Every structure is written in structure tokens, then in C-alpha cells.
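The structure appears right after this line, and notes come after that.
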Amino acid sequence: MDQALLTFQNQLSQEVLVFYTTDFCYKCVYQHLVTVKPNNGTDSAVISTKFTLTVQVESQTRNDTFCRWSQTYGEGGLYTVWIHMSEAYGDPSCTYAVDKTPNNVYLPLLVAALFMVIIALLYIGAPFIYSRCCTSKCVKTICCQGSRYSMDHVGEQAFEAEPDTTDPKPRRLCSLDTFRGFALTVMVFVNYGGGGYWFFQHAPWNGLTVADLVMPWFVFIIGTSVVFALRSMQRRGVSRLQLLRKITWRTAVLMMLGFCFLNYSPRDGPLSLSWLRFPGVLQRLGFTYFVLSLLQTFWGQKEIPLRTNHWWSPVQDVVLYWQQWLIIILLETLWLCITLLMPVPNCPTGYLGAGGVGDNGLYPNCTGGAAGYIDRWMFGDNMYRYPTCKEMYQTTQPFDPEGVLGTINSIVMGFLGMQAGKIIIFYKGRSLHILCRFLVWAVILGISAAILTKCTQDGGFIPVNKNLWDEFYLRICWPLSPGLLLPVQLGDAQSGESLGVALSKPMGNCTLGNHCLLSVQEEVLSQNIN
């Protein structure tokens, strides 16, 4: 999967060296691919088809470069390169040919998309088909079948139909459950390989894929949920001490579950400090939830009346929470200062690269800059040993994408989720106002993200990077989160329920339980396969 065969035929009288690099690898040193013997010597290599490759053919002494080209190869394709003397110029040159046409790996995606469109059309068209096929006479006949029931039974029905006088349960925000279920569905698909497509896998270092969006979606959802849940409890008169107990207990459960599912496996035997991993996804989510809940507990608003007689009324959903914003600004300033100003031994200050063969191989042991250095100092080897950059950048240092420094921006991302929740509460029942507020925030964050990155993946002030949870990552993921939440929120205000809501909502009602069950299932499947 994601591989092709590249064959070289050397018709020169001297041995040649073939090197390669991938365009996705930022400023990477060329890596040796094959050495081809002279006089019709042949050699082959299996190459990756995920990204565009730049191949370079050099003389044995590496003083001369005979040819260089960039090509995106197809999965399952067979390619041949002839290295020969050019008849026109008398210099060494290369001729490229396709021996076998690669497979169309995107055909399954097209079929799956077509299938989902058909299902959606059937779901939408079902009421219309029903109304056309089932006449009013048929409906009347069916409805009148109840006339044969006895009066006693009718009395029972009337008794059962009496209104319930008990207090109704608090209504859940269905749109949030649906968004949560959608995120969990994408997470399951990604964790089980994503069909082998590179864009359903995490980016090697800089860059953004579908898989990189799942984690910030969950953080965003946590922030939105905190606003609704704690505000509801505060309005019911729950004391601050009770809230703190509940928050602390939930945080401890989340972090303990994360530690256990991350480190325990029956095939690994008893826990050993030599291979334990302390940072993890649930640990970060738990700590993020704890900080956000503290912000809402101490500086949240029980009642939020709309104010129209102040100059700051258009931004009252920000002004009324100025204490929270002050803390978040201080946290983000702390992240920037540590990331860009903290000196790291044998590394340039403010380094944000992957190390290894990246950046022309000048900083091989500087993976992650200050973020990686802090994690290695705190956890030693008890962190993730196989970062996404390991294969492409050939790094040797461990790096954990759920490390300490990135947790700061995780809190900031969750707080932006809280802001989305406040907007929904402030403008409840006014969908157009919610849409406008979300659009304003999306434009502001999107423009700032474009400035930070200079609209490039690697060449901006701050690159596009999920591993570091950097500034751009926050600014681009926030607009994508309400961008998915808003259509469901608008649909939630209507009487009907869409097909996506019907399919995603059940998974979103109990995300933690589903996550634990999926972890157990993955472990069982791994044991059976082994």
C-alpha cells in the first residue's frame, strides 16, 4: 500500500548514485536510494507514493549531478529510468517511462461517497414517497383500527396519556451530541488506518490532515459542554464546593483511564517503568477540562441577560467574561515566550522543526524545540517513542504530541469552544445572530492564521503544526469546529432531524464509554491477529 517500484538502468560507463527526498519534508537532506553499476547495470527500489518525491542522479564522486526531477508516483505502478548519454548534447541525461499504470486508489472513496449520497437522498425522499404511495383512505383505514378496542382499553389509553407532572430532565444540546458523535466516528476511522489514505493519517510534522482535526474537535466540544453543564448546575443552586468536588473527580477518572488504557496490555505483562508513557490523549483532555471548569466555576455567569444600553453591547459575550480572557491571554503569552525565547542546549532559540534530516541536517537532536526539551527533561524516556516525524525525518529523539507545553494551547482551544457555547446561550433561538457571530470569529482567526503562516505550510512566522499545537493550529481548527457544529445547530432548531444527526447522535451521547469500548476492541483484535 502506498508503494511503487522504481527501476534504474545505467547505460553509462561509470557507477551512479541515486538520492531522493520528499517535498513534504522541509529542507531535508537527500537520502541515498540505490547505487547503479555501470554498463547496463540495473537496480530497483520500492518508493513511497504518499507525497511528491524529488530524485537526483549523481556521479560516484558526487561532484556532478546528471539529472533531477520531481514526480508524484501512483500506488502499484512500475516505473523505469534510463540513465544514458544525450545524443543532442553529449551529456548524461535521464529518460523516464511508465511500465505499468498505477491503480486508481481513489475509486473506493468515490464509491463510498456515492453510496452515502444515495442513502441521504432515500432518507430525504422517504416522506414524499410515503405521502404519494399511501392514500388518505389507506391512512384512515389504518387509523380507525383502534375503534374495535373496548372502552376499558380506551380508558387505559386515556389514563396513560395523562400529562407527567414530574420535573423534566434538562434538555441536551442535540447538535453538540451529533458533532461529538461525528468526531468519534472520524476518530474510529482514522485509528483503524483511514483506508490507507495519507490524508486520513497524521501529518509527519508540518501540515494539516483530516486526522489532525479530531483532537481539537474534542477539545472544542469539551469547552462548549463545560459552559452548558456548569451554568445549568449553578442555576440549580449547586454550591461552588460541590462543583469543585465533581470537577476534581471527573478529572481524576479521565486521567486514570487514560493512563491505564495507554499503558496496560495483557500481552505486555506487569507494568514497567522502562516503557510507561505518562502523557496521553485522555490525560490532556482531563487536565484541559479541569482548567476550563475552574474558569467557569469562579468567573462564569449564572444568568446572561442581553444588554443593549452599553457601548460594549456588541461584544458583551466577551466583556462579561473579562477575567477568563485575561487568564487565557496570560497563558498564551506564556506559551509564546517559552516556545520562542527559551534557550535549548545545542539548538537555536525558537526552533520549531522536527530535527533529524530536516533543516539540512543541522539540528538532528532538536525535535520539537522547547516543547520536546521540556518533555524529555520531565519524563525522560516515559513518553511517545514513535512520533509521526520519525520515518520521514529519521529522528532519534522521542517526542510526545500530547506533551506539557502543548497543553497550554489545548486549554486555549477549549476556551474558544467555551466562547462558542456562550454565543449559543446569548443568542438562543436566534440562529441568524449565531451564524453572524461564528462568521466574525472565523474571519478574525482565519486572517490572523494567514498572517502567521504567510499562507504557506513551512515558511511563515509559525508553521502549520499539530504536533506542537501551535498558534496557527488553534486559529485554523476553531473555524472548522463551529463550521461543523453550526449546520447541526440550525437543524436542531427545526422540527425534523437529519440523517447525519440520526446516525451520529447515539455515538455522541456517551463518548467516553464508546472510547473505552473501542480501545478494548482494538486490543482484542490485536491479540487475535498476533
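The values are calculated or read from the model by the stated rules, or taken from the named source; none is laboratory data. This structure is a prediction, so every number in the text was calculated from the model and none was measured. Cβ coordinates were reconstructed from backbone atoms using ideal geometry, including for glycine residues, and neighbour counts include every protein chain displayed.
Take the conditions in contact (Cβ under 8 Å) with a residue 24 or more places away in the chain, farther than 22 Å from Cys389 by Cα and assigned to a loop (DSSP other than H, G, I, E, B) and apply them to Pro38. Does it pass? Yes. Evaluated against (1) crowded, with 20+ Cβ neighbours inside 10 Å; (2) assigned to a helix (DSSP H, G or I), Glu402 falls short on exactly one condition, (2). For Leu306, work out the one condition from (1) modelled with pLDDT under 85; (2) closer than 30 Å to Arg385 by Cβ it doesn't fulfil. Just one mismatch for Leu306, condition (2). Scanning the stretch 374-387 for residues that are crowded, with 22+ Cβ neighbours inside 10 Å and modelled with pLDDT of 90 or more turns up Asp375, Pro387.
Against the numbered list (1) modelled with pLDDT of 85 or more; (2) surrounded by 19 or more Cβ atoms within 10 Å (Cβ to Cβ), Ile425 comes up short only at (2). Scanning the stretch 453-468 for residues that are among the polar types (S, T, N, Q) and in contact with a strand residue (DSSP E or B) (Cβ under 6 Å, 6 or more places away or on another chain) turns up Gln457, Asn465.
Of the listed requirements (1) modelled with pLDDT under 95; (2) surrounded by 15 or more Cβ atoms within 10 Å (Cβ to Cβ); (3) not small (Gly, Ala, Ser), Thr349 misses just one: (2). Quick one: would you say Thr395 is among the hydroxyl-bearing types (Ser, Thr, Tyr), touching a residue at least 24 places away in the same chain (Cβ under 8 Å), in contact with a Gly (Cβ under 7 Å, 6 or more places away or on another chain) and not in a helix (DSSP H, G or I)? The answer is yes for Thr395. Within the stretch 190-229, the set of residues being touching a His at 6+ places or on another chain (Cβ under 9 Å) and not in a helix (DSSP H, G or I) comprises Thr209 only.
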